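> Dropping a structure here in structure tokens format, bear with me for questions.
The values are calculated or read from the model by the stated rules, or taken from the named source; none is laboratory data. The shown structure was predicted, so the numbers you read here are calculated from the model rather than taken from an experiment. No Cβ is skipped: glycine too gets one built from the backbone with ideal geometry, and neighbour counts run over all protein chains shown. Accessible surface is based on the protein model in full, side chains and every heavy atom, while ligands, DNA and RNA are left aside. Shrake-Rupley method; radii C 1.70, N 1.55, O 1.52, S 1.80 Å.
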Amino acid sequence: MSGQHHQLKPISARPIRTPAELVETGLIAAENLADIDAVAKRYAIAISPAMAALIDRNDPADPIARQFVPDAAEMKVTSEERQDPIGDLAHSPVEGIVHRYPDRVLLKAAHVCPSYCRFCFRREMVGPQGLGTLPTEAMTGAFGYIAGHPEIWEVILTGGEPLILSPRRLGEIMQRLAAIDHVKIVRFHTRVPVVEPDRIDEVLVAALKASGKVAYVALHANHPRELTPAARAACARLVDAGILMISQSVLLKGVNDNPDTLVALMRAFVETRVKPYYLHHPDLAPGTSHFRLTIEEGRTLVAGLRGRISGLCQPTYILDIPGGYGKAMIGADGIRQVDIGCYMVSDFKGGGHAYPPSD
Ligand code: SF4
């Protein structure tokens, strides 16, 4: 972050994409240009106008800047980090599909995003130099795969960012899925209501609906300030149209790794009619060690939410097991067996209770 506020260009209506633009808009200091040029050669950069406007340039530790402004620390790759941290490739039977669990698939329709998160778990695949949008033939192959597997109950559109596709293309995808009887649920994993809220207009909302299918939108947001009035209005347009919303967040050092921020984030979701769903432990993506906390630190933070906020606000803390083995719950262990048929249960203040009670 730069302290040179006197000659800053105003936030423009288009995304910031280059290191030079980051300097011009005061998001990095000119003396850091060479370092950030190196990052730009390696990973995609984009900061949408909505996110650029949200950054407090007077706060060197601004949690929004930390998520989107590239940092020289991204060039440090540690030995445990992996190109494909959650093992998508090991479970990709055809282009664009990841089939990790029996009853659901990921459909990766677009590998581009309106803003690139610096901690992205798919950072080796997303971006202008990445896999782009799934070509028509590959899309046809993906629908053929889904149609040929009657065990697929849910299709999860992810990427990249599925809601960057035009409403026309999204509508086509929904119509293709509507023709597959065994698919009942279509879920969109998106950051658009936060990073580009105006994109969620009536036409796009209508495109997400298809007769006979239930549409869910999983909103990715990590800090309560991301739930701006514009973002809340975008979510309201989805929810008012009958689309169910759930959240997903990543536990990130310097962004949300304190109890007050997590409480405010989860409450902001619930107030926006978004049910808190997943809180992800950060994945082992290359150049992201500056975002990672330990599992123990994460468990302590999550345990602290118990008793402090309503059950409605509680997310499930999970780890994607490296290598593609799926998710594991790593939240506080509230019960442990002490004898045959006897357990010790912890209450939210840390007190222990026998179950069944001995008296
Ligand atoms: S929106 Fe998702 S896919 Fe895109 S950069 Fe962020 S984490 Fe990665």
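> Please give the number of the condition LEU89 fails out of (1) in contact with a helix residue (DSSP H, G or I) (Cβ under 8 Å, 6 or more places away or on another chain); (2) within 24 Å of LEU284 (Cβ to Cβ); (3) more than 15 Å from the ligand (Cβ to nearest atom).
(1)
> Just checking, which of VAL203, VAL194, VAL217 is within 16 Å of the ligand (Cβ to nearest atom) and assigned to a helix (DSSP H, G or I)? Can you show your working first?
Details: VAL203 fails: within 16 Å of the ligand (Cβ to nearest atom); VAL217 fails: assigned to a helix (DSSP H, G or I).
Of the residues listed, the single one that is within 16 Å of the ligand (Cβ to nearest atom) and assigned to a helix (DSSP H, G or I) is VAL194.
> On to the next question. Against the definition (modelled with pLDDT of 95 or more, within 28 Å of GLU124 (Cβ to Cβ) and assigned to a helix (DSSP H, G or I)), how does GLU21 come out, yes or no? Outline the logic, then answer.
Values: modelled with pLDDT of 95 or more: yes; within 28 Å of GLU124 (Cβ to Cβ): yes; assigned to a helix (DSSP H, G or I): yes.
Yes: the conditions hold for GLU21.
> Does region 67-87 contain at least one residue that is under 24 Å from LEU134 (Cβ atoms), in contact (Cβ under 8 Å) with a residue 60 or more places away in the chain, touching a strand residue (DSSP E or B) at 6+ places or on another chain (Cβ under 6 Å) and surrounded by fewer than 21 Cβ atoms within 10 Å (Cβ to Cβ)?
Within region 67-87, none of the residues are under 24 Å from LEU134 (Cβ atoms), in contact (Cβ under 8 Å) with a residue 60 or more places away in the chain, touching a strand residue (DSSP E or B) at 6+ places or on another chain (Cβ under 6 Å) and surrounded by fewer than 21 Cβ atoms within 10 Å (Cβ to Cβ).
> Something else now. Specify the residue that is surrounded by the most Cβ atoms within 10 Å (Cβ to Cβ); the eligible residues are those in region 100-124 that are more than 16 Å from the ligand (Cβ to nearest atom) and modelled with pLDDT of 95 or more.
Out of the qualifying residues, it is VAL105.
> On to the next question. Given region 262-359, what strands (runs of 3 or more DSSP E) lie entirely inside it while holding 1 or more residues that are over 28 Å from MET75 (Cα atoms) and under 18 Å from the mean Cα position of the chain (by Cα)?
275-280, 316-320, 327-329
> Under the condition of being part of a loop (DSSP other than H, G, I, E, B) and open to solvent by 30 Å² or more (accessible area, probe 1.4 Å), which residue from region 157-191 is nearest to the ligand (Cβ to nearest atom)? Let's see the steps before the verdict.
Our first condition is that a residue be part of a loop (DSSP other than H, G, I, E, B); within region 157-191, this holds for 160-161, 165-166, 179-184, 191.
Then keep just the ones that are open to solvent by 30 Å² or more (accessible area, probe 1.4 Å); that gives 166, 179, 181-182, 184.
Values: SER166: 18, ALA179: 28, ASP181: 30, HIS182: 27, LYS184: 25 Å.
It comes out as SER166.
> Among the residues of region 107-139, which ones are more than 16 Å from LEU165 (Cα to Cα) and among the hydrophobic types (A, V, I, L, M, F, W, C)?
If the condition is that a residue be more than 16 Å from LEU165 (Cα to Cα) and among the hydrophobic types (A, V, I, L, M, F, W, C), then CYS117, PHE119, CYS120, PHE121, MET125 are the ones that fit.
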